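Written below as structure tokens is the structure these notes are about.
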Amino acid sequence: MTEPARLPAFFDRVGAVNPFLDNRINGPSPADVDAPGVHHAAFARLTELAVEAHAAGRAVGAVLWGEAGIGKSHVLSRLGRWAEPDNACFVYLHNLQAAPQQLPRSLLNAVVSLLTLGRRDRFHAAPLFKLVHAALLEATQRAEGTYAWSEIESAYHALVDRWAQQAGAATLDRTVYDVLFAFYRSAQRSAKGKEDGGAAALAVRGLSGGGLAAEEARLLGLPPARHREDAVALEDAQQIKQVLVALTRLADCQGRPFVLAFDQVDNLDAEQFGALARFLEALLDSAANLLVVTTGIQATLMHWREEGVVQKSAWDRLAQFELLLQRLNSAQAEQLVRGRLDDFLAPFGAVEEVAPLRQADDLFPLGRAWHERFLRDKIDVRSRDVLNWAREGWRQEQLQLREKGGPAWLEGWAERRSRPGTEIGGEEDQVVIDRAVEEALARKRVELEAPGALPVDADRLAGVLYRLLRQCDQAGHLYGVLDVERLSAPDNAPPPPYNLSVTLQVAGEGPGPGVEQHLGALVLTQESRISVTNYLRRACEAAQPPDRFVLVTDERVGLRLGEKGREYLEELRHGKAGRFQRVELKVAEMIELECLQEVGKAGDVFVELPPGQTRALRPGEAIASHHRRGRYLASRALRELLGVGAAQKPVAEPEAVAPGGEV
């Protein structure tokens, strides 16, 4: 006899949770429900390439492509689960938002953030610590015993010497390996309570491409900066590449390949992808024990290749192996659905009222009638379409459950599901779109809340703000944005006094269209006091100060100020670069900004419009939903950038929002 509480728990679970809500992967997770028979050949080939790259000591590039919603991210997620804990060192990268010239540094920052789990201390449990530990074991020939730090360091230097000989004509930056050793020693001593671990935190900052003051650099044994007033930092793509090459060598000491997986690169701008491809070509030419997997929509990547966005030599290295994903047949689609149903229903296998229905219909509670409606006449389908259809079918069951109550719903299920013609729909299109966008935002939040997924990165944050302000710019006079420009410096030139230049139309003293106001925004997340001081000095010395100056900082870092930096900040507060405002963002606020700009892109959100016909939202539709729901003005950072009066402006009706435009 089933306990009375079990059946009510089943009803509660069905009514509250839709197992098909996620129609896309937001990064590898052990909790992902997989269907091993779907795209098995592509997955198996990727694992073979990773093993071959390690065995042969070479670098391999592979492109995994197909149409939108075909299952590329699912394959990467499966690859990530295969990698852990012992098969590969797997780093998943998505949404690298940086100016093209800053992409290598942003990439490095993201990699180090993931390998340190986004931590600022207690590094001894992070993957990066384990990578260096493996190198020290190899340096000491894995001989058990207790060693003095001087003995370990000597053996480690001998190992680096051997690597330098193996590199031959290729350069090996010993400084990188010295910083890695300093990181390990400090983290280890901190774990034993023998020091505070400050050197490990400095090493992570240096390895991430951040600036170090002279005394901080000396603590790590680094040479001084070229100019006395500058911070010590990785200065070019060559040095950044050397850190990644070193990581592949450390992974080799673990007996594992190093896998860099770039998901959905078609979301980048063409210039960004071109810069990324050039850097990855150089990395593949220099590294060993490396597999670089690039995924994207085939049509976009082919267009970029044909238009010369990516050079032929770079494409040949990135796409040395091309893996094209095909649509699913009906049996594979059914396997995809059944996998999620099995996972969802596993806790209720002993409920006697549920078990017979599950045995009679292996797609319960969707049912064979659902299969007949959506899959019977389909030759091939996309993974995302199948999950969308299943999600809507489940939602219909939830509506019936709430309307009839659990026992009546279950009693009438068999009869009702024998009639496959049940229509789905009835909601207004805007309501359907808004709900789909909200669901996509929720999924994106989960992805970015993972440890290390949102590194401290000024260029990335500036890029996100730029894209969102452009979306406001394209909304007519809704927010008063007339123009948005992202400023960058030519090669080997100092940075501009601010990252973003925004022209706003604000209310004047009397009637009329108002007056133009020029706003400059500077995003500062640097941890080096020297770097912060130099940025503030340039803002004070701007030849044409804006009317308003907004300083955006990250709460995880704050504003690192020395004596001179405090003087410059006081000058800014007193209007040296226009009316001053400072906005220090919490992590949750930055996640919301990232979600807004990411979900606004094309191809990321799917809806059934009209019912039974799934299509991707166009960029303008997702953005219009943001406008409708007031999501831009819900952000404190955007309210400050748009001006105080923006919060009082009415949100436009959907018809007033441009249907397309650059995202």
Report summary line: Row for the chain, column shape: gyration tensor on C-alpha, a ≥ b ≥ c, rounded if a/c < 1.5 i.e. under 1.5, prolate if a/b over b/c, else oblate; value oblate
Query raised in the report: Once amide H atoms are built 1.01 Å from N in the peptide plane, which residues 5 or more positions from ARG579, or in another chain, come under 5 Å H to H?
Result: ARG548, PHE549
Report task. Give the percent of DSSP beta bridges with both residues in the chain that are antiparallel, rounded to the nearest 5. Result -> 30 percent
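Report the trypsin sites (Lys or Arg not before Pro) located in the range 173-220 that are in a DSSP loop and have at most 15 other Cβ atoms inside 10 Å of their Cβ, or state none. Mind showing how you got there, number by number?
Values: sites: ARG174, ARG185, ARG189, LYS192, LYS194, ARG205, ARG218; in loops: LYS192, LYS194.
Listed in order of number, the matching sites are LYS192, LYS194.
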Query raised in the report: If r is the Cβ-Cβ distance from ALA588 to LYS192 and R0 is 30 Å, what FRET efficiency results, to the nearest 0.05?
Result: 0.30
Report task. Pick out, in residue order, every one of the GluC sites (Glu not before Pro) in the range 163-222 that is DSSP loop and has at most 11 other C-beta atoms within 10 Å; say none if there are none. Result -> none
Report task. Once every Cα of the range 351-398 carries one equal point scatterer and solvent is ignored, give the base-10 log of I(q)/I(0) from the Debye formula at q = 0.20, 0.22, 0.33 Å⁻¹, two decimals. Result -> -0.71, -0.82, -1.20
Query raised in the report: Please state the relative contact order of the range 31-188 as a whole percent: Cα pairs under 8 Å, 6+ residues apart?
Result: 14 percent
Report summary line: Taking 0.36 nm per residue of separation between GLN544 and ASP377 and subtracting their Cα-Cα distance, the length gained on full extension comes to 53.5 nm
Query - Accessible area, probe 1.4 Å, largest first, for residues VAL431, VAL550 - result: VAL431, VAL550
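Given the DSSP H assignment, sum -39500 (n - 2.57) over each helix run of at least 4 residues in the chain and divide by its residue total; what's the result at 222 nm in deg cm²/dmol, nearest 500?
-15000 deg cm²/dmol
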Query raised in the report: When we measure straight from the Cα of LYS194, which lysines land under 20 angstrom away, once same-chain ones fewer than 8 places off are left out?
Result: LYS130
Query raised in the report: Are there trypsin sites (Lys or Arg not before Pro) in the range 96-169 that DSSP puts in a loop and that have at most 10 other Cβ atoms within 10 Å, and which ones?
Result: ARG142
**Report entry** Amide H contacts under 5 Å for THR294, placed H, 5+ residues apart
**Finding:** ALA62, VAL63, LEU64, PHE262
Requested in this report: Count charges around LEU219 for me, please; just the other residues with Cβ under 13 Å from its Cβ, Lys/Arg as +1, Asp/Glu as -1.
Outcome: -2
Query raised in the report: By how many nm would the segment from THR171 to ARG566 lengthen if fully extended, with 0.36 nm per residue of separation less the alpha-carbon distance?
Result: 138.1 nm
Query - Net charge contributed by nearby residues that have their C-beta within less than 15 Å of ALA577 (K/R +1, D/E -1) - result: +2
Report task. Among the lysines, select those whose C-alpha is under 24 Å from the C-alpha of LYS378, and discard any that sit fewer than 8 residues away in the same chain. Result -> LYS72
Query - Reach of LYS564 by Cα under 12 Å, taken over aspartates and glutamates that are not fewer than 8 positions away in the same chain - result: GLU229
**Report entry** Rough spin-label spacing in nm, given labels placed 7 Å along Cα→Cβ, for GLU215 and ASP86
**Finding:** 4.8 nm
Report summary line: In terms of the alpha carbon gyration tensor, root eigenvalues a ≥ b ≥ c, rounded if a/c is under 1.5 and otherwise prolate when a/b exceeds b/c or oblate, the range 93-170 is oblate
Report task. Counting only heavy atoms of the protein chains, get the accessible area per residue of the chain (1.4 Å probe) and round it to a whole Å² value. Result -> 43 Å²
Report task. Rounded to whole Hz and in sequence order, give me ³J(HN,Hα) for the range 64-70 from the Karplus expression 6.51 cos²θ - 1.76 cosθ + 1.60, θ = phi - 60°, writing x for Gly and Pro. Result -> 10, 9, x, 7, 4, x, 7
Requested in this report: Please turn the phi angles of the range 462-475 into ³J(HN,Hα) values with the Karplus equation 6.51 cos²θ - 1.76 cosθ + 1.60 (θ = phi - 60°), one per residue in order, whole Hz, x for glycine and proline.
Outcome: 4, x, 5, 4, 4, 5, 5, 5, 5, 5, 5, 4, 7, 9
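The values are calculated or read from the model by the stated rules, or taken from the named source; none is laboratory data. Source: prediction; values computed, not measured. When we count neighbours, we look across all protein chains shown, and the Cβ atoms used for this are built from the backbone with ideal geometry, even at glycine. Keep in mind that these areas ignore ligands, DNA and RNA; they rest on the heavy atoms of the full protein, side chains included. Shrake-Rupley method; radii C 1.70, N 1.55, O 1.52, S 1.80 Å.
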